[in-house]
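A.B. asks: I have a structure I would like to understand better, so I am pasting it below and will then ask my questions one at a time.
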Amino acid sequence: MRRSPELEQLGDRIQQAYRDADAGFLEGLTAPEAIIIGTDPTEWSESPEETAEAVKADLASNLEYTVQARRAFEAGDVGWM
């Protein structure tokens, strides 16, 4: 496992996309086989359609996406932040 500056930059871009309500960018981030796990037990998406629904709900609720100290890591083809 190693630190991932590339994912940290992507995290910054995601934060900006939430500020700009850029649903297209956010929905285009995930591969069809990606599983998205949030911080709440109900935040679990296993398809691009579920992820798009979650993004639209977040944007409709004016979710404030803020990260104080972003750190991202990768190991092989898996990454997390």
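The values are calculated or read from the model by the stated rules, or taken from the named source; none is laboratory data. Bear in mind the structure is a predicted one, so any value in this text is a computation, not a measurement. Heads up, the Cβs are rebuilt from the backbone with ideal geometry, glycines too, and the neighbour counts pull from every protein chain shown. SASA here: full protein model, heavy atoms, side chains in, ligands and nucleic acids out. Shrake-Rupley method; radii C 1.70, N 1.55, O 1.52, S 1.80 Å.
A.B. asks: Arrange the peptides 11-22, 55-66 so that the one whose residues have, on average, the most other Cβ atoms within 10 Å appears first.
C.D. replies: Working: 11-22: 14.8, 55-66: 12.4.
So the peptides 11-22, 55-66, ranked by packing, come out 11-22, 55-66.
A.B. asks: Which value, in debye to the nearest 20, gives the size of the charge dipole of the chain about its Cα centre, when Lys and Arg are +1 and Asp and Glu are -1 at the Cβ?
C.D. replies: Numbers: 7 positive and 17 negative charges, 93 e Å.
The dipole of the chain has a size of about 440 debye.
A.B. asks: Sorted by accessible area with a 1.4 angstrom probe, largest first, how do 29, 7 fall?
C.D. replies: Largest to smallest exposure gives the sequence 29, 7.
A.B. asks: Using the Karplus curve 6.51 cos²θ - 1.76 cosθ + 1.60 with θ = phi - 60°, what ³J(HN,Hα) values do you get for each residue of the stretch 23-33, in whole Hz, with x for Gly and Pro?
C.D. replies: Listing the rounded values in order: 4, x, 5, 5, 5, x, 7, 9, 6, x, 8 Hz.
A.B. asks: Helix 5-20 versus the longest principal axis of the chain: what is the Cα-based angle in degrees, 0 to 90, to the nearest 10?
C.D. replies: Helix 5-20 sits roughly 20 degrees off the main axis of the chain.
A.B. asks: Sum -39500 (n - 2.57) across every DSSP H segment of at least 4 residues in the chain, then divide by the residue count to get the 222 nm mean residue ellipticity, nearest 500.
C.D. replies: Numbers: 3 runs with 34 residues, N = 81.
Helices in the chain give a 222 nm mean residue ellipticity of -13000 deg cm²/dmol.
A.B. asks: Report, to the nearest whole %, how much of the accessible area of the stretch 17-81 belongs to carbon and sulfur atoms, 1.4 Å probe, protein only. Let's see the in-between values first.
C.D. replies: Details: 2480 of 4740 Å².
Ligands and nucleic acids excluded, carbon and sulfur give 52 percent.
A.B. asks: What distance in nm separates the two pseudo spin-label positions at residue 81 and residue 60, each 7 Å out from Cα along the beta-carbon direction?
C.D. replies: Output for this residue pair reads 2.6 nm.
A.B. asks: Give me the 1.4 Å probe accessible area per residue for the chain, excluding ligands and nucleic acids, in Å².
C.D. replies: On the way: 5930 Å² over 81 residues.
Ligands and nucleic acids excluded, the figure is 73 Å² per residue.
A.B. asks: Here's something else I'd like to know. Residues in the stretch 1-18, backbone N under 19 Å from the label point at residue 25 (7 Å along the Cα-to-beta-carbon vector): list them, ranges by number please.
C.D. replies: Counting only backbone N, you get 5-18.
A.B. asks: Normalise the Debye intensity by I(0) for the stretch 36-81, one equal point scatterer per Cα, no solvent, then take log10 at q = 0.17, 0.28 Å⁻¹ and round to two decimals.
C.D. replies: After summing over all Cα pairs, the log10 values are -0.66, -1.12.
A.B. asks: Let me ask you something else. Pulled fully out, how much extra length does the chain show between residue 53 and residue 68, if you take 0.36 nm times their separation in residues and subtract their Cα-Cα distance? Display every interim value, and only then the final one.
C.D. replies: Details: separation 15, 0.36 × 15 = 5.40 nm, distance 2.61 nm.
Extra length from residue 53 to residue 68 when fully extended: 2.8 nm.
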